[in-house]
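The values are calculated or read from the model by the stated rules, or taken from the named source; none is laboratory data. In this text, all values refer to a predicted model and were calculated from it rather than measured experimentally. Glycine gets a Cβ as well: all are built from the backbone with ideal geometry, and neighbour counts include every protein chain shown. Ligands, DNA and RNA are stripped out before the accessible areas are found, and what is left, the full protein with its side chains, is counted by its heavy atoms. Shrake-Rupley method; radii C 1.70, N 1.55, O 1.52, S 1.80 Å.
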Amino acid sequence: MRNFLKKLLMATGGILGTLLIAVVAFTSLSPQLGGTPTKADKAAYLKSGHYDAQEDKFVNLIPTREMTGGSMPSVMWKFLFHKSPQAAPPAPLPQQPLDSLAITRKTPEMVRVTWFGHSASLIEIAGQNILLDPMLSVKMGPVSWATPKRYNPSLAIRPEQLPPIAAVLISHDHYDHLDYATIRKIKDKVGHFYVPLGIGPHLLAWGVPAARITEMNWGDSATIPGLVLRCTPSRHFSGRGLTNRNSTLWCSWVMQAPAKRVFYTGDGGYGPHFAAIGRQYGPFDLALVECGQYNESWAEIHMKPEQSVQAARDVRAAVMLPVHWGAFTESLHAWNEPVTRATAEAARLGQPITTPHLGEPVTLGTELPQQRWW
């Protein structure tokens, strides 16, 4: 019996080992992994003030742990066997198809935001189309059977239907924010890609010309007609493979027109950077704030809903739009818990909040969507 168990364990270990090698080999060869920075790139990163030469990685403004109590195996065990029974909705979420022609009907004074689920959003401001973290695919990453499944089998608009985009803003290089398939489909209709340091090699590997990529450090700004784009801090981490953790920077974004200002948090934990951004660049007419996919073990790299509302208040946002939910299950909580808790906290603190359906445009200066549709 002992010999049988020994052989069984050896056989199981061999199968798992072979599978692991196959997955590593596949992901390493997959174009989704992106590009690799050169020595010259890394030399430039050293000048950013946010790159640790000894550790060969980017760092946060304040000490930040990716895991706060509990190990990754224990988190994965809970994810597999102790998720909320309502971790995913029972059916596709209500969605409003986006009329691509309607996007072209705007005035320079109008600010209109359309959220597609998770963090992907279209910002129409100063007469320009700005696309945030365009993850517009149903499947995620190089091994889609091992990654979360999108709740809806399609999105409010296909990447091919989008009108010309003046700028794409990327917050960091995780698969749920920087999507290979979407970039490949939209790259020829995008005027320019503005990304944190280190993400340029990914875009270059995917066929985006270097002349249409600007890598930015925290505090850098760029100008397009009628609009200033500012790369601002966040408190997070990065990496698309097994060996490139924190090899690229992460950020939040300020979009500043003469009369209107919009802020996007990107991903990240709560911290003093929000108040600093509010003092320097606020107040904001609208803030798209990460709200969802939190976990006790990720307390310093993702915000709980109550912290998300406080972040909106810190940056002095007139209106908060919660994002980073409504598309994928990436944590243990119920799929609609983030927005339920955020709306309750916003009501308690008197923070105006808008909760549109997927694909439902939010136009500032008009009645804001506030249905509790979830």
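Tabulated results
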item	result
Signed unit charges on C-beta, dipole axis of the range 44-110, positive-most listed residue 46, 76, 86	86
Equivalent ellipsoid dimensions for the range 150-292 as semi-axes, Å, which come from the Cα gyration tensor, largest first	23, 19, 16
Coordinate range along principal axes, alpha carbons of the range 95-222, Å, largest first	42, 36, 25
Accessible solvent surface per residue of the chain, calculated while the other protein chains remain in place, 1.4 angstrom probe, Å²	45 Å²
Farthest positive-ward along the chain dipole, Cα basis, beta-carbon charges - from 318, 334, 127	334
For peptides 35-44, 231-240, sequence by mean Cβ density within 10 Å, most packed first	231-240, 35-44
Rounded FRET efficiency, nearest 0.05, which uses the C-beta distance separating residue 204 from residue 276 and R0 of 45 Å	0.90
Protection-proxy order for peptides 352-364, 327-339, each taking the mean of Cβ atoms within 10 Å per residue, highest first	327-339, 352-364
Residue among 212, 184, 348 with the largest mean-square fluctuation in a Gaussian network model of the chain, springs linking Cα atoms under 10 Å	348
Chain lengthening between residue 43 and residue 363 when straightened (0.36 nm per residue, less Cα-Cα)	110.9 nm
Shape category assigned to the range 241-374 from the gyration tensor of Cα positions, a/c cut at 1.5	oblate
Directionally averaged projected area (convex hull, Cα atoms, the range 280-323), nm²	3.1 nm²
Most to least packed among 75-85, 267-277, 201-211 [average Cβ atoms within 10 Å]	267-277, 201-211, 75-85
The chain: DSSP helices with Cα axial extent of at least 15 Å and average Kyte-Doolittle hydropathy no lower than 1.0	2-29
Positive minus negative residues near residue 141 (Lys, Arg vs Asp, Glu; Cβ under 15 Å)	0
Alpha-carbon gyration tensor eigenvalues x 5, square-rooted, for the range 123-182, Å	23, 13, 8
Rg to Rh, two decimals, where the range 286-364 supplies the alpha carbon set and Rh follows Kirkwood	0.94
Diffusion constant of the range 35-123 at 20 °C, which comes from Stokes-Einstein with the Kirkwood Cα-pair radius and 1.002 mPa s, µm²/s	112 µm²/s
Using distinct alpha-carbon pairs, which all enter the 1/r mean, Kirkwood radius of the chain in Å	21.3 Å
Rounded percent of accessible protein surface that carbon and sulfur make up, the chain, 1.4 Å probe	59 percent
The range 319-367: C-alpha gyration tensor shape, a/c 1.5 cut-off, then a/b vs b/c	oblate
